[in-house]
Structure formats: C-alpha cells, structure tokens
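A.B. asks: Quick one: this structure, given as structure tokens, is what I'll be asking you about.
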Amino acid sequence: MSKEKIVLCEDLADVMPPEYQELVETATYGNQDRGWKDIGSSKELIEQHSLCAGCPESIAFRYILASLPAPENTVFVGSTGCTSLVFPHVAVHNIHSLFGNQNAIASGLKRTLACRFPDVEKDVVVLAGDGATVDIGLDMTMQSWFRQEKFTTICFDNELYANTGGQESGLMQKGFVAKMAPKGKSFEKVRLAEIAREAGCAYVAVLTVSKPNRVEQVIKNAVLVAREIGPTFVQLYTPCILEIGKQSMEGLDEMKDSETIGGRFVQKEYITDEAQKLLDSIKEETKARKKAAKDKKTVTA
Amino acid sequence: MSHYEVKPGPEAFLPPAAASMGNVLPDPGEAHIGGKIVPEEEAYDKAARMILGAKVPTIFPGPLVLWKWTDHVAEKAKAIRELAIEAPMRIIPMADYRPKYPKIEAAVEINPNHPNLTIWHNKIDVCIFIGVHCHMANLSLKIIRGGTSCYTIAMCAMSGHEDACLSFRDADLAMIEKLKATIKKLKSEGVESQAIPFTQFKMSRSGPIVPA
C-alpha cells in the first residue's frame, strides 16, 4: 500500500460509510510531522477497539498509531493476546501470527519487503504482549535480535496473561498474586530491556504510556533506528486494570505510580553510539526543515 | 455422491459447506446454478431474471472494488454503478470485514460476520457479491443461506463459490457489463423489474445525505 492508493473509487465513494470518507480526507498518511497531537484534529488510524473500558492498552494503540513515521508503508505483526482483538479495527496493514512466532514472521516479512520494494522504505513493527514476547516467543524474539533483523519489537507489558484470566508471566513482578497464580510469583521480573541490549538491539526503551509525547518520541526513534541500523525494542507498561483489581479510571494513576523514582517503569533508554548519531542527525534535519518552513511562511505572510 | 442443490435458505443454523457435499467449482467459461455446472450464458440469463423478478435486489460491493487500487478497479466500480441503475438495484457496501461495535448500521452497510442482519433489515431477496475477498464471501454466503431466504449470486474474480446459489467465475469488467446487457435485453423483451421503488442512499463524512 502507498498513500496514493488510499483512495476510493469515485463511482462508489458516495455509498461508503462516513468513517472511510473521513479516513481518506483527513487521516495523516504521508505527513512526516505526524504525532500524538493530531489526535482529535484528524482521523485516527484506529476506528474502534474491543478492549475493556479504561484499558491503557487502547490508549497505547492510539499513541503508537499516531506516532508511526509512515503508516502507509508499515506492516504490523501481532500475536495472540488482547492486542489481537484490536488489529481488525486498525487502518494499517497487519498480520496475525501464531502465539510466539511474531518475530520470526516479521523477519521473513522484512526481508521479503526489502526484495519486493527495493526503492521504498517499508517498516515492520511487531506488537505483542508479554506472554508472546518473553515466555512463549522468547526464542523467536531473541533470535531475531541476534540476527540483527531490521524491525521494531514493541511489547505491551501488563505483567500477566490478561486475556486468559491472569496467569503468571515472566514479566510479572516477584511476589504478585493473580487470579490464576494464587501462590504468588517466586522469581524476579525478567529484565527484558537488558536482555535486548545484550542481544544486539541498537535502541531499547522502557516506559509507561502515561505521557503521549514520550511514547511518540520513543516509537519514532525505534522505527527510524530499525530502518537504518538494526533491531530495536520498546517495552510499554500497559497494566491490565481488571487483573490487578483497579477501576476503569485508575489505569493512568497506576502507570504514574509505577514510573516514580524507584518504580518498575522509570523511563530508561539504551542507545548504541551509532544509533545516537543517527538520532542526532535526524533531529538536526527536522529542526532545519521546520525552520525553513517557518521562514517561508513568514516571507509569504 | 448425490447432487446437493444450493437453494435459498433458511436452511439451518449451520448449513453444510456445499463443497463438503460434493459440489465442485465451474471450469473457465462455465458457472454454476444451485450447484449444477452450466455454460456461462445460461447463468447470465438466470441471474438477470432473478434480479428483475426480485422486490429488493441488492449489490454488495466489497473492498476490492470500493478502493481504487488500480485504474481497472475504477472501471469496474463504474460498471457496477451502471448495473445498479439499469436493473435497478440497491448498493450496500461491504466496506470492511471487522466485527463492528456496538452494532452495524444495517440499512447502509453489510458485514461478513453478520450479513443476515442487513438482509433481514432491508428485506433483500436477491443479492450479488462483487469484489469481496473469497474467504469472507464464503463465510458470508453460508450465513445468508443458513438464516435468510435471500438468493445469492457471486460474481467472483477467482474460481467461484460453491456456497452461492449462482456463481460466476473469472468475473472481470466485461462480465459485469454483460450481465447489465442481459438485463437490458430481457427488459426490452418485456420482462419488467419487480423491484420496489427506492432512493439509493448517499453518504458523506458526517453521515447520510439522503436518509436510508
């Protein structure tokens, strides 16, 4: 898909549901400065979602979709879990893989897209839960990092298997008691960010989704570094409010609590020198482009 | 295996897949009517007569003809609109395949996961699927046969559908135009459309322009 193909056939456009007409007219495909601030003023790339009321995962989806540098040239690879319920409502190409296979699928997909579209930068983004990333799919996840596959892996970390009723996962914190883990977890939360760094990821970030500007920056960094350098990994805390005994309105507070000093999700990043250099140059280019646009606007006025 | 006739339903909550009953897809140049392989010409005549004899004939265009992903598709869309005007037939889009929440607007859209709602709501008695991906068309056709009395016609661009009451295969622009020409010919011979008069709804970004 490219931006030019997101067009309705003229002769049948007038029978299309309003959400598609809006998508074609006001979505931010092709806008290189797209970001979370577009939410509310342009058509989002998520139409609806089937997650629980107040689920932080739904807001994470919205921020990520608003932050992708080129959604028209992006393919998501999802896996089993709550995320897989949302992908049918997303206006970005996506593939549902078997539980845990997502990084293997993404490896093949990225290589194939590079052969099929040598002149177009096609981004591949894996988006899976902690069960798929750390438990069932850890082999595929790590092997893709070892191989230096150029795509981004995003893990929605809700610290348990939420979709199936609250079983213990590798990313669950030590001692936590869940509905299906009544004895409490007996070992520490897996330090996946450090594993990712050691396994060869050029950019690694851990944070919650309480602050959209931070999520936007991290997603952009991860995708842009993956394009040029190698694998990147983003771990986002998206607590399952149902499984940790919270109310719909308490997801944001839970995330804010967990990112205070000493918390499990204080924002951290691991960036290789090469990736940092790239990000610095992109920042300079963006700054120069925006300045030029501003100057042009001033002259015109 | 005995011949299994694919008739309009309601057949059962879970009608059998026609393929599992021994029905096969037509070869190029052929079509099937009720599961029986016939020459394509015979299918045009039958489809045109069913459309003209229906009270609420409807076209369900799918994503493959709604989105202009090639210029050829735009030509197909134009032909579909002309077919709808010639018959006349309603057009209700199958814009996507997602299970829509909290509910679909049955008057103006159809969804493969619960196509029966649109058929029931609009009292559709004959429908044509065009431009719907085969796996979704198969799902939808079975549900329609299971729970409604609608006669289903598939204009499939691939190999056809066993689960439709009538199915063409390799349906391209010329075949859509030929169906239109057949309808026109029958009308000129005195076969009148039995369609209940209607106004085709139109949508804008903010909702219906002509109330459905």
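A.B. asks: Looking at A:Ala193, is it in a helix (DSSP H, G or I) and touching a Lys or Arg at 6+ places or on another chain (Cβ under 8 Å)?
C.D. replies: Values: in a helix (DSSP H, G or I): yes; touching a Lys or Arg at 6+ places or on another chain (Cβ under 8 Å): yes.
So A:Ala193 fits the description; yes.
A.B. asks: Tally the residues that are over 20 Å from A:Lys277 (Cα atoms) and either open to solvent by less than 20 Å² (accessible area, probe 1.4 Å) or in a helix (DSSP H, G or I) (or both), restricting the search to the range A:208-238.
C.D. replies: Restricting attention to the range A:208-238, the residues satisfying the condition of being over 20 Å from A:Lys277 (Cα atoms) are A:208-213, A:215, A:235-238.
Subsequent filtering for residues that are either open to solvent by less than 20 Å² (accessible area, probe 1.4 Å) or in a helix (DSSP H, G or I) (or both) retains A:208-210, A:212-213, A:215, A:235-238.
Residues flagged as over 20 Å from A:Lys277 (Cα atoms) and either open to solvent by less than 20 Å² (accessible area, probe 1.4 Å) or in a helix (DSSP H, G or I) (or both) within the range A:208-238 amount to 10.
For every residue, the table says whether it meets (1) under 19 Å from A:Val86 (Cα atoms); (2) within 14 Å of chain B (Cβ to nearest Cβ); (3) without any contact (Cβ under 8 Å) to a residue 60 or more places away in the chain; (4) within 18 Å of the chain's Cα centre (by Cα).
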residue	(1), (2), (3), (4)
A:Glu19	yes, yes, yes, no
A:Glu22	no, yes, yes, no
A:Gly35	no, no, no, yes
A:Asp38	no, no, yes, yes
A:Ser58	yes, yes, yes, yes
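A.B. asks: Please enumerate the residues belonging to the range B:74-93 that are in a helix (DSSP H, G or I), in contact (Cβ under 8 Å) with a residue 40 or more places away in the chain, touching a helix residue (DSSP H, G or I) at 6+ places or on another chain (Cβ under 8 Å) and within 10 Å of another protein chain (Cβ to nearest Cβ). Please lay out each step first, then the result.
C.D. replies: Pass one, the range B:74-93, residues in a helix (DSSP H, G or I): B:74-86.
With the extra rule that they be in contact (Cβ under 8 Å) with a residue 40 or more places away in the chain, the set shrinks to B:75-76, B:79-80, B:82-84, B:86.
Applying the additional criterion that residues be touching a helix residue (DSSP H, G or I) at 6+ places or on another chain (Cβ under 8 Å) yields B:75-76, B:79-80, B:82-83, B:86.
The answer is B:Glu75, B:Lys76, B:Ala79, B:Ile80, B:Glu82.
Yes/no per residue for (1) surrounded by fewer than 21 Cβ atoms within 10 Å (Cβ to Cβ); (2) modelled with pLDDT under 95; (3) out of contact with any Lys or Arg (no Cβ under 8 Å at 6 or more places or on another chain); (4) assigned to a helix (DSSP H, G or I):
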site	(1), (2), (3), (4)
A:Cys52	yes, yes, yes, no
A:Glu57	no, no, yes, yes
A:Ala60	no, no, yes, yes
A:Tyr63	no, no, yes, yes
A:Ala66	no, no, no, yes
A:Val77	no, no, yes, no
A:Thr80	no, yes, yes, no
A:Thr83	no, yes, yes, yes
A:Pro88	yes, yes, no, yes
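A.B. asks: Can you name every residue in the range A:247-284 that is within 27 Å of A:Ala199 (Cβ to Cβ), in contact with a helix residue (DSSP H, G or I) (Cβ under 8 Å, 6 or more places away or on another chain) and open to solvent by 70 Å² or more (accessible area, probe 1.4 Å)? Working first, answer last.
C.D. replies: Applying the first criterion (within 27 Å of A:Ala199 (Cβ to Cβ)) to the range A:247-284 yields A:255, A:258-259, A:262-283.
From what's left, in contact with a helix residue (DSSP H, G or I) (Cβ under 8 Å, 6 or more places away or on another chain): A:255, A:263-265, A:267-271, A:275, A:278-279, A:282.
Result: A:Arg264, A:Lys268, A:Glu269.
A.B. asks: Which residues, counting only those in the range A:24-33, are away from chain B (no Cβ under 14 Å) and either open to solvent by less than 40 Å² (accessible area, probe 1.4 Å) or among the polar types (S, T, N, Q) (or both)? Working first, answer last.
C.D. replies: First pass over the range A:24-33, keeping only residues away from chain B (no Cβ under 14 Å): A:28, A:30-33.
Scanning the range A:24-33 gives A:Thr28, A:Asn31, A:Gln32.
A.B. asks: Report the residue count in the range A:108-155 for those that are hydrophobic (A, V, I, L, M, F, W, C) and open to solvent by 20 Å² or more (accessible area, probe 1.4 Å). First the steps, then the outcome.
C.D. replies: At the first step, the residues of the range A:108-155 found to be hydrophobic (A, V, I, L, M, F, W, C) are A:109, A:113-115, A:117, A:120, A:124-128, A:132, A:134, A:136, A:138, A:140, A:142, A:145-146, A:151, A:154-155.
Add one more test, that the residue is open to solvent by 20 Å² or more (accessible area, probe 1.4 Å), and what stays is A:109, A:113-115, A:117, A:120, A:136, A:138, A:140, A:142, A:146.
Summing the residues that are hydrophobic (A, V, I, L, M, F, W, C) and open to solvent by 20 Å² or more (accessible area, probe 1.4 Å) in the range A:108-155 gives 11.
A.B. asks: Quick one: would you say B:Asp71 is among the acidic types (Asp, Glu) and farther than 27 Å from A:Ala13 by Cα?
C.D. replies: Working: among the acidic types (Asp, Glu): yes; farther than 27 Å from A:Ala13 by Cα: no.
Considered against the rule, which asks whether it is among the acidic types (Asp, Glu) and farther than 27 Å from A:Ala13 by Cα, B:Asp71 comes out as no.
The values are calculated or read from the model by the stated rules, or taken from the named source; none is laboratory data. This one's a predicted model, so the numbers in the text were calculated from it and none came from an experiment. Methodologically, a virtual Cβ is constructed for each residue, glycine included, from the backbone with ideal geometry; neighbour enumeration extends over all protein chains shown. The protein model used for the area step is the full one, side chains on, heavy atoms only, and it has no ligands, DNA or RNA in it. Shrake-Rupley method; radii C 1.70, N 1.55, O 1.52, S 1.80 Å.
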